[in-house]
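Participant: Please find one structure pasted underneath; my questions will follow.
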Amino acid sequence: SRAYVQEQIDDKMDQAVKNAMAKKKVSLLLSPQSVLAVNNNAYNLNQDILTELNTLLPSAQLVPPAGWLPREAREQQAEQAAQQAPAAPAAGAKQPSGR
(Lines give C-alpha, C1' and ligand atoms only; values in the text may rest on other atoms or scores of the structure.)
Protein backbone atom coordinates (compact mmCIF):
# COMPACT_ATOMS: atom_id res chain seq x y z
CA SER A 1 0.00 0.00 0.00
CA ARG A 2 2.98 2.31 0.46
CA ALA A 3 3.67 2.22 -3.29
CA TYR A 4 -0.02 2.93 -3.97
CA VAL A 5 0.01 6.05 -1.76
CA GLN A 6 3.34 7.21 -3.24
CA GLU A 7 1.97 6.83 -6.76
CA GLN A 8 -1.09 8.94 -5.89
CA ILE A 9 1.19 11.68 -4.57
CA ASP A 10 3.57 11.43 -7.54
CA ASP A 11 0.62 11.80 -9.93
CA LYS A 12 -0.30 15.18 -8.38
CA MET A 13 3.16 16.54 -7.52
CA ASP A 14 3.94 18.15 -10.90
CA GLN A 15 0.66 20.09 -10.89
CA ALA A 16 1.19 21.13 -7.25
CA VAL A 17 4.64 22.52 -8.11
CA LYS A 18 3.28 24.39 -11.14
CA ASN A 19 0.40 25.84 -9.10
CA ALA A 20 2.70 27.02 -6.30
CA MET A 21 5.12 28.57 -8.79
CA ALA A 22 2.29 30.39 -10.57
CA LYS A 23 0.83 31.76 -7.33
CA LYS A 24 4.23 33.03 -6.16
CA LYS A 25 5.19 34.21 -9.69
CA VAL A 26 8.31 32.05 -9.66
CA SER A 27 9.73 31.17 -13.07
CA LEU A 28 12.67 28.98 -12.04
CA LEU A 29 12.73 26.30 -9.35
CA LEU A 30 15.95 24.59 -8.28
CA SER A 31 16.29 21.41 -6.29
CA PRO A 32 18.11 21.71 -2.95
CA GLN A 33 20.86 19.43 -4.29
CA SER A 34 21.79 21.92 -7.01
CA VAL A 35 22.04 25.01 -4.79
CA LEU A 36 25.52 26.10 -3.75
CA ALA A 37 24.44 28.86 -1.38
CA VAL A 38 21.17 30.40 -0.24
CA ASN A 39 20.15 33.66 1.32
CA ASN A 40 17.89 33.31 4.37
CA ASN A 41 15.44 35.69 2.71
CA ALA A 42 15.24 33.58 -0.46
CA TYR A 43 11.99 32.10 -1.66
CA ASN A 44 11.25 28.65 -0.34
CA LEU A 45 8.24 27.01 -2.00
CA ASN A 46 8.21 23.84 0.11
CA GLN A 47 5.17 24.85 2.16
CA ASP A 48 3.42 26.33 -0.88
CA ILE A 49 3.91 23.10 -2.82
CA LEU A 50 2.64 21.06 0.13
CA THR A 51 -0.43 23.31 0.36
CA GLU A 52 -1.12 22.81 -3.36
CA LEU A 53 -0.59 19.07 -3.08
CA ASN A 54 -3.06 18.93 -0.19
CA THR A 55 -5.57 20.82 -2.34
CA LEU A 56 -5.12 18.48 -5.31
CA LEU A 57 -5.04 15.33 -3.16
CA PRO A 58 -6.86 16.00 0.12
CA SER A 59 -6.51 12.36 1.18
CA ALA A 60 -4.78 9.37 -0.32
CA GLN A 61 -6.39 5.97 -0.43
CA LEU A 62 -4.41 3.54 1.71
CA VAL A 63 -5.78 0.28 0.35
CA PRO A 64 -5.11 -0.36 -3.33
CA PRO A 65 -8.00 -1.67 -5.42
CA ALA A 66 -8.07 -5.38 -6.20
CA GLY A 67 -5.57 -6.26 -8.89
CA TRP A 68 -3.64 -2.99 -8.59
CA LEU A 69 0.02 -3.15 -9.59
CA PRO A 70 2.71 -0.49 -9.15
CA ARG A 71 3.28 1.74 -12.18
CA GLU A 72 6.57 0.02 -13.05
CA ALA A 73 4.83 -3.38 -13.19
CA ARG A 74 1.95 -1.99 -15.29
CA GLU A 75 4.39 -0.38 -17.72
CA GLN A 76 6.40 -3.59 -17.97
CA GLN A 77 3.24 -5.60 -18.68
CA ALA A 78 2.16 -3.11 -21.35
CA GLU A 79 5.59 -3.26 -22.98
CA GLN A 80 5.53 -7.07 -23.00
CA ALA A 81 2.01 -7.08 -24.44
CA ALA A 82 3.06 -4.65 -27.18
CA GLN A 83 6.02 -6.85 -28.09
CA GLN A 84 3.88 -9.98 -28.18
CA ALA A 85 1.01 -8.45 -30.17
CA PRO A 86 1.09 -9.37 -33.86
CA ALA A 87 1.92 -6.50 -36.15
CA ALA A 88 -1.31 -4.94 -37.43
CA PRO A 89 -1.58 -4.62 -41.23
CA ALA A 90 -0.79 -1.15 -42.50
CA ALA A 91 -3.82 1.07 -43.00
CA GLY A 92 -5.11 0.89 -46.54
CA ALA A 93 -2.93 -2.12 -47.40
CA LYS A 94 -4.66 -4.64 -49.63
CA GLN A 95 -5.02 -8.12 -48.26
CA PRO A 96 -3.92 -10.81 -50.71
CA SER A 97 -6.79 -12.53 -52.44
CA GLY A 98 -7.28 -16.24 -52.05
CA ARG A 99 -6.81 -17.11 -55.74
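The values are calculated or read from the model by the stated rules, or taken from the named source; none is laboratory data. On a predicted model such as this, the values are computed, not experimentally measured, just so you know. Counting neighbours? That spans all protein chains shown, and the Cβs are built from the backbone with ideal geometry, glycine included. Ligands, DNA and RNA are excluded from the accessible area calculation, which covers all protein heavy atoms including side chains. Shrake-Rupley method; radii C 1.70, N 1.55, O 1.52, S 1.80 Å.
Participant: By average Cβ neighbour count within 10 Å, what is the ranking of 24-36, 1-13 from highest down? Walk me through the numbers on the way to the answer.
Facilitator: Details: 24-36: 8.2, 1-13: 13.8.
Top to bottom by mean Cβ count within 10 Å: 1-13, 24-36.
Participant: What is the sum of charges, Lys and Arg at +1 and Asp and Glu at -1, for the other residues whose Cβ falls under 14 Å from the Cβ of Ala3? Intermediate results must be reported in sequence, preceding the final value.
Facilitator: On the way: positive: Arg2, Arg71, Arg74; negative: Glu7, Asp10, Asp11, Glu72, Glu75.
Around Ala3, the surrounding residues sum to -2.
Participant: At 1.4 Å probe radius, can you tell me the per residue accessible area of segment 1-60 in Å²?
Facilitator: Numbers: 4770 Å² over 60 residues.
About 79 Å² of surface per residue is accessible.
Participant: Between Gln15 and Ser34, what is the spin-label point distance in nm, taking each point 7 Å from the Cα along the Cα→C-beta axis?
Facilitator: Taking the simple label geometry, Gln15 and Ser34 are separated by 2.4 nm.
Participant: If I stretch the segment between Gln76 and Ala22 completely, what's the gain in nm (0.36 nm per residue apart, minus their alpha carbon distance), one decimal? Don't skip to the answer; put the middle values down first.
Facilitator: On the way: separation 54, 0.36 × 54 = 19.44 nm, distance 3.50 nm.
Extra length from Gln76 to Ala22 when fully extended: 15.9 nm.
Participant: Oh, and also: Could you give me the ³J(HN,Hα) list for segment 49-62, computed from phi with Karplus coefficients 6.51, -1.76, 1.60 and θ = phi - 60°, whole Hz, x at Gly and Pro?
Facilitator: For segment 49-62, the Karplus-derived couplings read 5, 4, 4, 5, 4, 5, 6, 6, 9, x, 8, 9, 6, 8 Hz, x marking Gly and Pro.
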